[in-house]
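See structure below.
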Amino acid sequence: MHNPDTILIDYGMGNILSVKRALEHVGAHVIVSSNPDLISKARRLVLPGVGAFPDAMEELNHRGLASAIKEAVFGSTPLLGICLGMQVLFETSTEFIETSGLGLIPGKVTSIPRERDDGYVRKIPHIGWSALYSDCGKSWEGTILKDLAQADSVYFVHSFMAQPSYTKHRIASCNYEGISIPAVVGVENIVACQFHPEKSGEVGLRLLKNFLSEY
Ligand SMILES: NC(=O)CC[C@H](N)C(=O)O
């Protein structure tokens, strides 16, 4: 039996319902909350997000959620960040204007480069299914990717990419028109994915189920 009470953090930045439905489908008892007290005491947290980085940070800060999330994470609460909810875990982003993030993962968020060395211009945003592969041959045991196969595909929608400062924090990447994009990162009790597990069919659901069992 999974420990109940996964708190899905509501900070006004989209896609809450589809993430809630997907988590419930794999057996989670989900509470949607924007209450800093509840969040700082959660058993497990999910931080979703769609939109722009500066807006997300503004919401997290003025609702008192940035400090609640940090308190929880420093107290070893497992946290899953999804898409923009992954990017805000990093130190800074250059989306629109350089903005500080939560700083829980060393590294920065920068735009996906448009120009390739051979002159080809990438389509931005990166929208669609891309295959995951292990970074530096790292094992996926004990992570949200447990039991997934190399080259299983997941659904991405983004123009920016989060780049961990340390390769040890990279768990999986995808190759988008010749550039390697970090797709899953992990630091201790934090794990985060750039793609949308709630839009990634069976593979996405398996990954959410792994979050409940492994974290
Ligand atoms: N899908 C999104 O909300 C994208 C998040 C972020 N603005 C990015 O472009 O990477």
Exercise. Among (1) of a type in the set (D, E, K, R); (2) free of Cβ contacts under 8 Å to residues at least 12 places away in the same chain; (3) in a helix (DSSP H, G or I), which single condition is R206 missing?
Worked result: (2)
Problem set entry | 3 or more residues out of contact with any Pro (no Cβ under 9 Å at 6 or more places or on another chain): qualifying strands (runs of 3 or more DSSP E) within segment 1-51 | 30-33
Exercise. Any residue in segment 132-150 that is surrounded by 15 or more Cβ atoms within 10 Å (Cβ to Cβ), small (G, A, S) and part of a loop (DSSP other than H, G, I, E, B)?
Worked result: no
For this session: Could you please let me know if A183 is outside any loop (DSSP other than H, G, I, E, B), in contact with a Ser or Thr (Cβ under 6 Å, 6 or more places away or on another chain), crowded, with 22+ Cβ neighbours inside 10 Å and not charged (D, E, K, R)?
Result: yes
For this session: Report whether or not L80 is hydrophobic (A, V, I, L, M, F, W, C), closer than 19 Å to S33 by Cα, part of a strand (DSSP E or B) and away from the ligand (no atom under 12 Å from the Cβ).
Result: yes
Problem set entry | Residue ID - nearest to the ligand (Cβ to nearest atom), chosen from residues in segment 144-170 that are touching a helix residue (DSSP H, G or I) at 6+ places or on another chain (Cβ under 6 Å) and closer than 16 Å to L79 by Cβ | A162
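So which of T110, T143, T94 is of a type in the set (V, I, T) and modelled with pLDDT under 95? Spell out the reasoning first.
On the way: T110 fails: modelled with pLDDT under 95; T94 fails: modelled with pLDDT under 95.
T143 is the lone residue from the list that is of a type in the set (V, I, T) and modelled with pLDDT under 95.
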Exercise. Which residues, taken from segment 179-203, are within 16 Å of the ligand (Cβ to nearest atom) and closer than 16 Å to L47 by Cβ?
Worked result: V184, V185, A192, C193, Q194, F195, H196, P197, E198
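Farther than 30 Å from N61 by Cα and of a type in the set (S, T, Y): which single residue out of S130, S173 fits that description?
Numbers: S173 fails: farther than 30 Å from N61 by Cα.
Within the list S130, S173, the selection yields S130.
The values are calculated or read from the model by the stated rules, or taken from the named source; none is laboratory data. Just so you know, these numbers come straight off a predicted model, no measurement behind them. For neighbour counting, all protein chains shown are included, and Cβ atoms are generated from backbone atoms with ideal geometry for every residue, glycine included.
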